[in-house]
Structure formats: C-alpha cells, structure tokens
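Asks: Mind looking over this structure? Questions follow.
The values are calculated or read from the model by the stated rules, or taken from the named source; none is laboratory data. Please read these numbers as outputs of a predicted model, since none were measured by experiment. Positions of Cβ are backbone-derived with ideal geometry, glycine not excepted, and every protein chain shown enters the neighbour counts.
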Amino acid sequence: MEFPILNVGFARGAPAELAAAVSNAGGFGVVGGTVPTETGIGFIRRARELTARPFGINLIIAGQEDPETAEELAGMVAAYVGEGVEALVLFWGDPAPYVPVAHSAGAKVIVQVGSVEEAEDAAAAGVDAVILQGVEAGGHVKATESIWKHLPLAVDAVRPLPVFAVFFHGIGAATVAGVVLADLGICAVGTFVGAIATAGRARELLLPLLFLPLAIPIVIGGVGASVVDAPGRYLGFLALYDVLFAVLCWASFEYVVTE
Ligand SMILES: Cc1cc2nc3c(=O)[nH]c(=O)nc-3n(C[C@H](O)[C@H](O)[C@H](O)COP(=O)(O)O)c2cc1C
C-alpha cells in the first residue's frame with residue numbers, strides 16, 4: 001500500500017473491479033463481502049486476476065447474538081480468508097470471534113468502529129487496525145461523536161495500531177446553510193465595495209484593498225459552519241454580516257447612482 005486509503009467494501013457496490021483499481025492505484029482495495037458467500041468468493045477471485053497487489057474483503061457482522069447468524073458469519077469469514085485475501089474488513093459488530101481464524105490464514109483484521117471504547121475493545125481483541133467513523137458519516141451510522149472530537153482520542157487509545165478515518169461525509173444542513181449565507185455575504189460585500197469603488201477615484205486599487213479584508217470573515221464563518229459540532233454561532237454571525245452589508249448596499253444605492 002503506497003497510500004493509506006481504503007475504499008468502503010459496500011456490499012454489491014464494491015465489486016472486484018473497484019477494489020483492484022484502488023489497489024492498483026496504490027491504495028488498499030476492499031471488495032464487498034456482505035453478499036452470498038459464492039458471490040464474495042467470485043469477487044475475490046476476479047480481483048486477484050485484476051491486481052497483483054494486496055486487497056481485502058468487507059463483511060458486516062451484525063446479528064452475532066443470534067446463533068444461526070453467528071454460524072453463517074463464521075462460515076463466510078472462513079471461506080473468505082481461505083481464499084487468501086490480505087485483510088478482512090469488518091463493521092457493525094464484535095470482531096473478536098474472527099481474529100484467530102483470519103490470523104491463522106495470514107489475513108489482517110481491520111474493523112470499523114464508532115467510538116473510542118469500541119476501538120479499545122477491538123484492539124484488545126487483537127485486530128490489526130481500526131477505521132473510525134464520525135457522527136457526520138452517511139449511511140449506517142454507529143458513531144456518537146464527531147470524527148474531529150474522537151479521532152485524536154482513538155489514536156491515543158489504540159496506539160501503536162493504525163487508525164483510518166472515515167472522511168467523505170455527507171453534506172449536512174449546516175454546510176448548505178453556511179454556503180448559502182457565505183455566498184449572500186460575498187454578493188453583498190462585493191456590491192457594496194463595488195459601489196464605493198465606482199464612486200471613488202482610485203477604483204482599481206480600492207476594490208481589492210477593501211474586498212479582501214471584508215470577505216475574510218465570511219470565509220471563516222462558512223468554513224466554521226461546515227466543520228464544528230454546533231454551527232449556530234457561525235451561522236448567526238454570517239446572517240448578521242449579510243444583513244449589515246445588505247443594509248449598507250441599500251443605503252448607498254441612491255448616492256452611487258446619482259453621483
Ligand atoms: C449505501 C451505503 C452502504 C454501505 N455499506 C457498507 C458495507 O457493506 N460495509 C461497511 O463496512 N460499511 C458500509 N457502509 C458504511 C461505510 O463504511 C461508512 O461508514 C459510511 O459510508 C460513512 O462514510 P461517508 O459518510 O464518508 O460515506 C455503507 C454506507 C452507505 C452509505
């Protein structure tokens with residue numbers, strides 16, 4: 001692996017072609033294994049034809065408390081690691097029952113977790129790496145904390161195990177609101193500064209000199225709203241800023257057009 005990047009082994013969304021492409025590009029490809037076992041084995045064999053590099057197979061291990069499901073999962077794990085995959089990537093359950101069989105077949109075990117406690121339990125169970133999910137994640141969300149909050153804690157808690165982070169989060173309402181308010185702010189500031197520059201003499205100089213410092217708070221507000229847990233203060237600030245410049249534009253309009 002040249003780059004510490006894994007693709008999600010989405011059940012049927014991560015066939016052999018995707019995993020092989022990721023491995024060939026220097027990442028670590030993962031085929032989707034939450035499919036009938038024969039299909040999963042087919043993915044592994046096809047991926048082996050498409051890449052000479054290591055790759056893994058993903059399996060959702062939910063429902064272990066039911067003996068029938070537990071038996072089925074154990075059978076799938078044994079079949080997959082028996083195919084010689086380099087890693088078993090698990091999610092939504094306790095990895096402990098699968099670690100010995102994977103290790104004895106020469107496969108690493110990587111498990112996706114939703115909390116620092118779960119990361120610690122996984123480390124104690126003998127996994128080789130964890131993938132940490134944040135509450136911002138899309139799809140099946142196990143996390144209860146923002147990735148920004150518990151990523152450093154998880155890294156410390158399971159050191160020296162590698163911790164991968166799930167980063168490509170869905171776009172939330174706060175991000176959309178931040179972008180809309182930031183765009184409105186840039187329009188309002190741009191209009192206001194443009195009007196002043198038109199009315200003034202050194203207009204080529206005035207525009208960039210005024211626009212940049214007045215736009216920086218908007219950029220900070222927009223970025224802040226999209227990354228923090230409680231974006232209310234950033235959104236409130238952006239709204240206030242937008243209103244202020246909208247009023248200034250309105251108040252200066254007559255002066256500018258009659259000059
Ligand atoms: C449609 C969908 C299907 C998923 N299927 C799987 C899966 O089969 N195995 C798995 O480990 N994770 C699966 N996940 C969860 C991902 O591993 C990951 O936690 C999630 O996509 C959050 O990251 P994101 O917000 O960056 O997409 C799935 C997520 C989505 C949205």
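Asks: Among the candidates 122, 154, 70, which residue alone is within 16 Å of the ligand (Cβ to nearest atom), farther than 30 Å from residue 173 by Cα, small (Gly, Ala, Ser) and assigned to a helix (DSSP H, G or I)?
Replies: Sole residue among the options that is within 16 Å of the ligand (Cβ to nearest atom), farther than 30 Å from residue 173 by Cα, small (Gly, Ala, Ser) and assigned to a helix (DSSP H, G or I): 122.
Asks: For the subset of the range 209-259 comprising residues that are in contact (Cβ under 8 Å) with a residue 40 or more places away in the chain and among the charged types (D, E, K, R), which member is nearest to residue 137 (Cα to Cα)?
Replies: 229
Asks: What tally of residues in the range 169-208 results from selecting those that are part of a helix (DSSP H, G or I) and either more than 19 Å from residue 232 (Cβ to Cβ) or free of Cβ contacts under 8 Å to residues at least 40 places away in the same chain (or both)?
Replies: 24
Asks: Take the range 139-151 and flag every residue that is within 12 Å of the ligand (Cβ to nearest atom) and either outside any loop (DSSP other than H, G, I, E, B) or surrounded by fewer than 19 Cβ atoms within 10 Å (Cβ to Cβ) (or both).
Replies: Within the range 139-151, 139, 140, 141, 142, 147 meet the criteria.
Asks: Here is a follow-up. The conditions are (1) of a type outside the set (Gly, Ala, Ser); (2) surrounded by fewer than 15 Cβ atoms within 10 Å (Cβ to Cβ); (3) closer than 23 Å to residue 118 by Cα, and residue 24 fails exactly one of them. Which is it?
Replies: (3)
Asks: Evaluate the following for residue 99: is it away from the ligand (no atom under 16 Å from the Cβ) and in contact with a His (Cβ under 8 Å, 6 or more places away or on another chain)?
Replies: Taking the combined requirement at face value, the residue does not satisfy it.
Asks: Further question on the same structure: Working only within the range 1-27, note down all residues that are more than 17 Å from residue 133 (Cβ to Cβ) and of a type in the set (Phe, Trp, Tyr).
Replies: 3
Asks: Among the residues of the range 180-203, is any crowded, with 18+ Cβ neighbours inside 10 Å, at pLDDT below 85 and within 16 Å of the ligand (Cβ to nearest atom)?
Replies: no
Asks: Taking the condition at pLDDT 85 or above, crowded, with 19+ Cβ neighbours inside 10 Å and out of contact with any Cys (no Cβ under 7 Å at 6 or more places or on another chain), does residue 222 pass?
Replies: Taking the combined requirement at face value, the residue satisfies it.
Asks: Let me ask something else about it. Here are some conditions: (1) of a type in the set (D, E, K, R); (2) part of a helix (DSSP H, G or I); (3) modelled with pLDDT under 95. Residue 229 meets all but one. Which one does it not meet?
Replies: The one condition residue 229 does not meet is (2).
Asks: Next question. Of the numbered conditions (1) within 14 Å of the ligand (Cβ to nearest atom); (2) modelled with pLDDT of 95 or more; (3) over 21 Å from residue 48 (Cβ atoms), residue 136 satisfies every one except a single condition; which is it?
Replies: Single failed check for residue 136: (2).
Asks: Return the residues of the range 225-245 that are surrounded by fewer than 17 Cβ atoms within 10 Å (Cβ to Cβ) and closer than 15 Å to residue 190 by Cβ; say none if nothing qualifies.
Replies: 244
Asks: Related question: Please determine whether any residue of the range 133-140 is β-branched (Val, Ile, Thr), assigned by TED's automatic domain parsing to the domain that holds residue 23 and either farther than 17 Å from residue 228 by Cβ or touching a Pro at 6+ places or on another chain (Cβ under 9 Å) (or both).
Replies: no
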